[in-house]
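Just below is one structure, and these are the notes that go with it.
The values are calculated or read from the model by the stated rules, or taken from the named source; none is laboratory data. None of the values given here were measured: they were computed from a predicted structure. Here Cβ is always computed from backbone atoms with ideal geometry, including for glycine, and neighbour counts include all displayed protein chains.
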């Protein structure tokens, strides 16, 4: 596989993922917001600096996103007990439940939308290959 093909595949997979999770339309979460949400979801109690380090986003951007998400009721920001200048971030329970519901959904209809020329059997085969690729990549990172 060429690097250019991998980039094209990543874009297509991102589009399928966004469609699968209902992250479309006017209130679509952008890539930076999604990176912050995914990071805080996996690391409850993270600081803005922690999120910045793991995502590679600018600290000012992470801070703006965190404050905007807190105002929207998605994130909870609480002062760090040892250093009041820092904020600890957590996903609000209602938002976590909504994200989990969306994340646990099937990708079948999104695959049909993004690959309409594939038969149902080929889409099922593609789903198995994607699951195996995800498993192998996760295994290689652990």
Exercise for the section: Looking only at region 93-106, decide whether some residue is surrounded by 14 or more Cβ atoms within 10 Å (Cβ to Cβ) and more than 15 Å from the chain's Cα centre (by Cα). Expected result: no
Handout entry: All positions within region 21-53 that are in a helix (DSSP H, G or I), over 12 Å from the mean Cα position of the chain (by Cα) and surrounded by 16 or more Cβ atoms within 10 Å (Cβ to Cβ)
Key = 48, 50, 51, 52
Practice task
Scan region 69-86 for residues that are within 20 Å of residue 28 (Cα to Cα) and in contact with a helix residue (DSSP H, G or I) (Cβ under 6 Å, 6 or more places away or on another chain) and jot them down.
Solution key: 74, 75
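This table checks each residue for (1) under 25 Å from residue 19 (Cα atoms); (2) out of contact with any helix residue (DSSP H, G or I) (no Cβ under 9 Å at 6 or more places or on another chain).
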site: 63; (1), (2): no, no
site: 67; (1), (2): no, yes
site: 88; (1), (2): no, yes
site: 116; (1), (2): yes, yes
Problem - Sole exception among (1) surrounded by 13 or more Cβ atoms within 10 Å (Cβ to Cβ); (2) without any contact (Cβ under 8 Å) to a residue 40 or more places away in the chain for residue 71, by number - result: (1)
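Residues are listed down the side, and each one gets a yes or a no for (1) within 28 Å of residue 69 (Cβ to Cβ); (2) outside the structural domain of residue 43 (by TED's automatic domain parsing); (3) not in a helix (DSSP H, G or I):
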{"residue": "89", "(1), (2), (3)": "yes, no, yes"}
{"residue": "94", "(1), (2), (3)": "yes, no, no"}
{"residue": "97", "(1), (2), (3)": "yes, no, no"}
{"residue": "100", "(1), (2), (3)": "yes, no, no"}
{"residue": "110", "(1), (2), (3)": "yes, yes, no"}
{"residue": "116", "(1), (2), (3)": "no, yes, yes"}
{"residue": "123", "(1), (2), (3)": "no, yes, no"}
{"residue": "126", "(1), (2), (3)": "no, yes, no"}
{"residue": "130", "(1), (2), (3)": "no, yes, no"}
Exercise for the section: Could you grab the pairs with beta carbons closer than 7 Å, sequence gap of 6+ or different chains, first residue in region 11-32 and in contact (Cβ under 8 Å) with a residue 40 or more places away in the chain, second one surrounded by 14 or more Cβ atoms within 10 Å (Cβ to Cβ) and outside any loop (DSSP other than H, G, I, E, B)? Expected result: 12/114; 15/114; 16/110; 16/111; 16/114; 19/110; 19/114; 20/110
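Look through region 57-74, keep the residues that are outside any helix (DSSP H, G or I) and modelled with pLDDT of 95 or more, and return whichever of them is nearest to the chain's Cα centre (by Cα). Give the derivation first.
We begin by selecting, within region 57-74, every residue outside any helix (DSSP H, G or I); these are 57-58, 72-74.
Within this subset, residues satisfying the condition of being modelled with pLDDT of 95 or more are 57-58.
On the way: 57: 14, 58: 18 Å.
Looking at the filtered set, the residue picked out is 57.
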Fill in the blank from the handout: Taking first residues from region 110-136 that are under 15 Å from residue 14 (Cα atoms) and second residues anywhere that are modelled with pLDDT of 95 or more and in a helix (DSSP H, G or I), the pairs with Cβ under 6 Å that are 6 or more apart or on different chains are 111/123
